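K.L.:
What follows is a single structure, and I will ask about it in a moment.
The values are calculated or read from the model by the stated rules, or taken from the named source; none is laboratory data. If you're wondering where the values come from, they're calculated on a predicted model, not measured in any experiment. Neighbour counts run over all protein chains shown; Cβ positions are idealised from the backbone, glycine included. Heavy atoms of the whole protein, side chains included, go into the accessibility calculation; ligands, DNA and RNA do not. Shrake-Rupley method; radii C 1.70, N 1.55, O 1.52, S 1.80 Å.
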Amino acid sequence: MWPSTHRRLLARGLASLLAISGPVHAGGAFKVCADPNNPPFSDDKGQGFENKIAELFAKELGQKLEYTWFPQRLGFIRNTLKAKIEDSEGYKCDVVMGVPEGYELTATTPAYYRSTYALVYAKGKGFDAIKTAADLDQLPADQKTKLRIAMFDGAPGTTWLLNHQLIGQGIPYQTMTGDVSTNTAQVLDRDFKAGKIDMVIVWGPIAGYLASRNPLAMIPMKSEPGLKFDFPIAMGVRFPDKERKAQLEGLLKSKAGEIQAILKEYKVPLVDAQGNPVP
C-alpha cells in the first residue's frame, strides 16, 4: 500500500547522494527495481500492471527488460536503486515504476496516474444499497454493529471510520506483513473469500485487484477537509540521472494512451487533480 509505505520511507530522510549515473544508451537493458510478490503492482511472473508498463517501455526503447527483485519494505530503495553491482560503478537497476510524486528518496517524473482509496464491500450480504461511503451512516443500528471492516494503522480509511463512529467495527491489519510471500492485497483477498471481513477502505490499485477477483463493489473515496484519499504516482530514478528521467518523461507522454489502457485493465480507480473520477 504505497501511501503508508511512502510515509515510513520518508521518515528516513534523504542521505547524501554521491551516485554516479550510468548513461542512457539505445540497446542494452531497461533495468527495473521491483518487488517479486506485490500484486497488482509487480511480481516475478510479469503479471502486475507495473510489469506491463515496463514491458511497454523496454519494447519502445529496443532494450531487454531486466529486474532487480527486493521486497518493497524498509530499505527497498537502498538495496535496489541505490545499490551498486559488486566491484563495479554500475547500479543494479535504474527505475522504480511507482513512487509518490515528489518522493524524497528519488527524483520523480511527473505523475502518470492519480488514484484514490476506495470502499470495497462484499455483494449479496445486505450492503448492495450502499452507493457512497456515507451511506454506511444510514445502516440500521443492528446491522451496523455486526459490520467487520478491515482497517490499517495510520491509513486514511481508519481515520474515516473514526470520524463516522465505526471504529468499533474495525478489524486491525498490518500495513506491511512480515511475511514477504504474502502482501496486503493477497491477505485481503484471502479473508474476503473466507468471509472474515465485510468491507475495507483500501488504496485504489489494491481495491481494483480485490474487485477483479471477488464479487465485490468498489466505491472510490473523495478527499475531504483534513482527510486526503487521492495521491499522484510517478516513476523514480536516482537524483543525478537526469538523462534517464528525461527519457522516461518522453515515454510517459508518447505512451500515455497505452498506459491508461493498462491501468483500466487492472481496474485501478483513476481520478483527476480534484479527485473526480476519470471515465
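K.L.:
How big is the charge dipole of the chain about its Cα centre, in debye rounded to the nearest 20, if each Lys and Arg gets +1 on its Cβ and each Asp and Glu gets -1 on its Cβ?
P.N.:
200 debye
K.L.:
Using only alpha carbon pairs under 8 Å that are at least six residues apart, calculate the relative contact order of the chain and give it in whole percent.
P.N.:
So the answer I get is 27 percent.
K.L.:
Also, I was wondering about something else. Around Ala234, which amide H atoms from residues at least 5 apart in sequence, or from another chain, sit under 5 Å from its own amide H, with H modelled in the peptide plane?
P.N.:
So Ala234 has HN proximity to Val99, Glu101, Tyr112.
K.L.:
Name the residue farthest towards the positive end of the dipole of segment 177-271 from the options Ala234, Trp203, Phe192, assuming +1 on Cβ of Lys and Arg, -1 on Cβ of Asp and Glu, about the Cα centre.
P.N.:
Of the candidates, Ala234 comes out farthest on the positive side.
K.L.:
Counting heavy atoms of the protein chains only and a 1.4 Å probe, report the per residue accessible area for segment 68-184 as a whole number of Å².
P.N.:
46 Å²
K.L.:
Could you sort the peptides 264-273, 79-88 by per-residue average Cβ neighbour count (10 Å cutoff), highest mean leading?
P.N.:
By packing density, highest mean first, the sequence is 264-273, 79-88.
K.L.:
Take Gln138 and Gln47, extend 7 Å from each Cα along the Cα→Cβ direction, and tell me the distance between the two endpoints in nm.
P.N.:
The answer from the label model is 3.9 nm.
K.L.:
Roughly how many nanometres apart are two label points built 7 Å out from the Cα toward the Cβ at Leu74 and Lys59?
P.N.:
4.0 nm
K.L.:
Just one of (1) -0.30, -0.62, -1.48; (2) -0.31, -0.59, -1.33; (3) -0.27, -0.53, -1.38 is log10 I(q)/I(0) by the Debye sum over Cα atoms at q = 0.07, 0.10, 0.17 Å⁻¹ as worked out from the coordinates here. Which one is it?
P.N.:
Working out log10 I(q)/I(0) by the Debye sum over Cα atoms at q = 0.07, 0.10, 0.17 Å⁻¹ from the coordinates points to (3).
K.L.:
How many times 2.2 N^0.38 Å is the alpha carbon radius of gyration of segment 151-279?
P.N.:
1.23
K.L.:
Highest mean first, how do 210-218, 252-260 rank when packing is the count of other Cβ atoms within 10 Å averaged over residues?
P.N.:
Sorting 210-218, 252-260 by mean packing, highest first, produces 210-218, 252-260.
K.L.:
Quick check for me: using +1 on Lys/Arg Cβ and -1 on Asp/Glu Cβ, what's the dipole size of segment 34-100 about its Cα centre, in debye to the nearest 20?
P.N.:
Computed about the Cα centre, the dipole is about 140 debye.
K.L.:
May I pose another question? Sort 201-208, 92-99 for me by packing, meaning the mean count of neighbouring Cβ atoms within 10 Å per residue, highest on top.
P.N.:
So the peptides 201-208, 92-99, ranked by packing, come out 201-208, 92-99.
K.L.:
Could you work out how much longer the chain between Gln260 and Lys228 gets when fully extended? Use 0.36 nm per residue separation minus the Cα distance between them, nm to one decimal.
P.N.:
9.2 nm
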